[in-house]
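Here is the structure we will look at.
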Amino acid sequence: MNFLSCINDALKTVHKNYQLLFIHFFFVFFSFFGLFFILSIPLGIIFVIFGIDLTDMLKGSFFEILLSSIHLMKKFLIFAIIFILGLLVYVIAIFSLWVYIFSGTIGVMCDYLKKGTLFSLRNFHKYGKNFFWKVSFFGLFSAIIFICLTFLFGFISEVTSKIVNFISQYNHTLSLFFNVFIYLSMLLVGIFAFIVWITYTLFGFFGMFIKNLTVTETIRETKKLIFSHPKSIARASLLCIIYILAGGVILSFGSLLAIIPHIGTVLVAAYQFITQFAHVYISMIVFAAFLSYYINLDTSVVKSEQDQVLAVEDSQQQTQNPPPSELS
């Protein structure tokens, strides 16, 4: 399977359905300024109106700061509750909007890659609505896996740091060697675990749309697919490298613009919008390439299974109907 053909299919998919780029760009824009609006206004009120209280509170000892914090929380408890509830509503709204847009995006891309159907708001809304709960539950399941992996690596890092500190009391050179060795090993294992996780997550989402699997079936079938095709992890690694390199090139242009005197700051501010759009474009290309790879992989798997079924049927027919023996 030629992976360059998948990238070519991804370019065609994104260019023919360019409306998806603007949808995702406005989602990023809305998410950022929505968070800025939610956080800046309440924090601004706290530091402007109650700034003197906060300054005086930080001047005392630890116990005085603790008591002052409790007094401040009692004094402005209603304000804190409103702030937490507003932030919670914002997170739920952003997550719901992301699931809707993500579902519609996969559906539109699948239609184009399999049938050549172009973008339409009707199809986008249909996929966003019909697959909303499936994508939500599997997304939460994938997020739980990521959180568990994060805690696991944090626990291992804490244990290894204690071991290195214990060894350093007796041999500094040996502790330095173990420190570097463990750091590099954790880095490589962490990168590998992240790539496996992102491969599992994307394959799961793709299977929901292409095979119309339930969440339980997705969890089981995706694991089997990755174990039977470990090359998919290498494909995901290649796409991650492409994304990192392309993002690095984009950021380097922003650093060069900042050097220009007088108008450098203005250019950088305008360039930030272009950078965000470029990141959305690269992300869509990488995502569509992996989707194209999954479709080709699934097609080859289905074809091989059909060939095996036909071979078994032919062998059964041959055993049931043996050829007539010649009479001597």
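Checking 103, 68 one by one, the residue that is at pLDDT below 70 and either surrounded by 16 or more Cβ atoms within 10 Å (Cβ to Cβ) or closer than 18 Å to residue 287 by Cα (or both) is 68 and no other.
Report whether or not residue 192 is under 16 Å from the mean Cα position of the chain (by Cα) and open to solvent by less than 30 Å² (accessible area, probe 1.4 Å). Criteria not met by residue 192.
Is one or more of the residues making up the stretch 240-261 closer than 28 Å to residue 130 by Cβ and either of a type in the set (A, V, I, L, M, F, W, C) or modelled with pLDDT of 75 or more (or both)? Taking every residue of the stretch 240-261 in turn, none turns out to be closer than 28 Å to residue 130 by Cβ and either of a type in the set (A, V, I, L, M, F, W, C) or modelled with pLDDT of 75 or more (or both). Among the residues of the stretch 109-130, those that are over 24 Å from the mean Cα position of the chain (by Cα) and either of a type in the set (Val, Ile, Thr) or open to solvent by less than 80 Å² (accessible area, probe 1.4 Å) (or both) comprise 116, 117, 120.
The values are calculated or read from the model by the stated rules, or taken from the named source; none is laboratory data. As the structure is a prediction and not an experimental result, all values here were calculated from the model. Cβ sites come from the backbone with ideal geometry, for glycine too, and all protein chains shown count toward neighbours. Side chains included, ligands, DNA and RNA excluded: accessible areas come from the protein's heavy atoms. Shrake-Rupley method; radii C 1.70, N 1.55, O 1.52, S 1.80 Å.
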